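Just so you know, all these numbers are worked out from the coordinates, no wet-lab data involved. Quantities reported herein were computed from a predicted structural model and do not represent experimental measurements. Cβ placement follows ideal geometry from the backbone for every residue including glycine, while neighbour counts extend to all protein chains displayed.
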Amino acid sequence: MIHLFINAGSASAGGGLTYLRNVATELSRRGDVRATLLLSRQGKTAVSSLDHEPGFPRLRLLQHPGEGSAASRYWREQLHLPRMIRSSGADVLLSTSNVGLRNSPVPQILLSRNALYTTPEFFRDLRARGHYSLWITESCKSILAKRSIHRAECTIAPSAAFAQELRTWSGREVIAVHHGFDTEAFFASQNIPEELQEKLRATEGCVRLLFVSHYNYYRNFETLLRALALIRRQLAPRPVRLFLTCQLRAELNPGSYRANSAASLVRELGIDEEVVQLGALPYESVHHLYQACDLYVTPAYAESFAHPLVEAMAAGLPVVASDLAVHREICGDAAIYAPKFSPVGFADKISDLMKSGERRKQLGEAGRRRSADFSWADHVDQIVGIARQLASAKRLHLPMTADMCS
């Protein structure tokens with residue numbers, strides 16, 4: 001039985017918690033793996049709900065020693081993790097936060113999931129917004145992330161497109177292992193929050209567009225908001241509503257992104273009524289929102305995988321996405337693509353699609369088929385397989401080559 005030490009201390013919201021919850025679920029179901037999970041407070045809450053799983057005792061949960069800023073967490077990890085790993089008896093370290101351990105006592109697999117470090121538009125965006133403190137922070141993180149790729153025995157990206165970006169950026173081999181999706185678990189809950197029910201009742205008869213994300217810059221909210229003002233005119237007299245799973249207030253979103261520019265744009269464009277700011281929804285309830293909407297839209301200019309695309313496809317929701325290599329890889333022919341910074345391009349694609357029920361049906365059916373290609377069991381199988389090869393090489397004192405990760 002192999003023993004994994006999983007450092008997931010940075011998983012505190014959004015896709016990080018989604019990944020952690022699903023991987024922990026799969027690990028708890030396997031009889032050939034033990035895992036020690038180092039978790040944030042939010043991560044520990046998410047994983048503790050798995051204590052009904054038969055294999056849960058094989059998962060040992062530890063509280064991360066570095067709650068607080070990213071810098072504080074990083075230095076505490078470098079100081080305390082080697083001792084914690086040795087004490088656990090783990091065979092392989094799985095670092096999930098893009099930045100790995102400098103001196104790991106066991107072979108290290110680095111999961112690199114942050115596309116910002118390889119996206120020049122993001123750093124230009126920060127400078128254009130005058131958000132220089134975040135520019136400095138992210139620049140420092142990118143240096144550590146690149147060094148981590150060089151230190152790790154194996155680096156894994158969640159898509160082939162992003163793996164290629166990382167190879168070009170770092171000069172090192174990176175392999176692609178798609179994230180998964182659990183259809184049964186995603187659609188299991190029948191509970192709809194009362195506030196969501198009220199919002200849906202109030203928008204009956206409207207064209208409902210959906211964008212699932214907390215507010216940040218790289219998801220490119222402003223392009224979608226400008227497109228919404230155009231869509232409203234193009235689809236008149238039928239009203240249009242854009243559902244957001246966030247609120248355009250900085251204090252209500254994780255991270256340090258300033259949402260005031262997006263909030264001001266909503267007022268400037270006169271689309272206050274069209275933008276429905278739901279705030280964060282419980283994960284087990286969000287499928288009801290997908291199923292109630294007409295289209296899923298994402299204008300993101302940086303992505304490494306994008307879980308909501310798979311969720312939308314599983315719900316049979318047609319997708320209009322920014323024309324990124326990652327989006328094309330994940331959605332294939334189940335989406336229509338628009339230039340990432342073009343409000344007119346998004347407006348035209350969305351309006352044309354809303355005028356063709358047959359095309360929406362075709363995309364929805366293609367999406368359901370495509371979503372079935374993503375499996376958390378397959379994802380964990382590949383991670384465990386790589387870990388076994390690295391652990392075996394360590395025991396036999398063999399050199400650890402890139403071939404072991406393929």
Computed FRET efficiency, Cβ-Cβ of residue 365 and residue 283, R0 25 Å: what is it to the nearest 0.05? 0.50
Length added when fully stretched, residue 373-residue 1, from 0.36 nm per residue minus Cα-Cα: 131.1 nm
Can you list the aspartates and glutamates whose alpha carbon is less than 16 Å from that of residue 199, not counting same-chain residues fewer than 8 positions off? 272, 273, 274, 294
How big is the Kirkwood radius of the chain, worked out from every pair of different alpha carbons and given in Å to one decimal? 22.1
Alpha-carbon gyration tensor eigenvalues x 5, square-rooted, for region 294-406, Å: 38, 16, 8
Could you give the dipole magnitude of the chain about its Cα centre, charging the beta-carbon of Lys and Arg +1 and that of Asp and Glu -1, in debye to the nearest 20? 1000
What nm distance separates the two modelled labels at residue 185 and residue 86, each placed 7 Å from Cα along Cα→Cβ? 3.4
Distance in nm between label sites at residue 127 and residue 258, each 7 Å beyond Cα in the beta-carbon direction? 1.7
Using a 10 angstrom cutoff on alpha carbons, build the Gaussian network for the chain and name the most mobile of 161, 372, 188. 188
Relative to the present Cα-Cα distance, how much length would full extension add between residue 204 and residue 325 at 0.36 nm per residue of separation? 40.1 nm
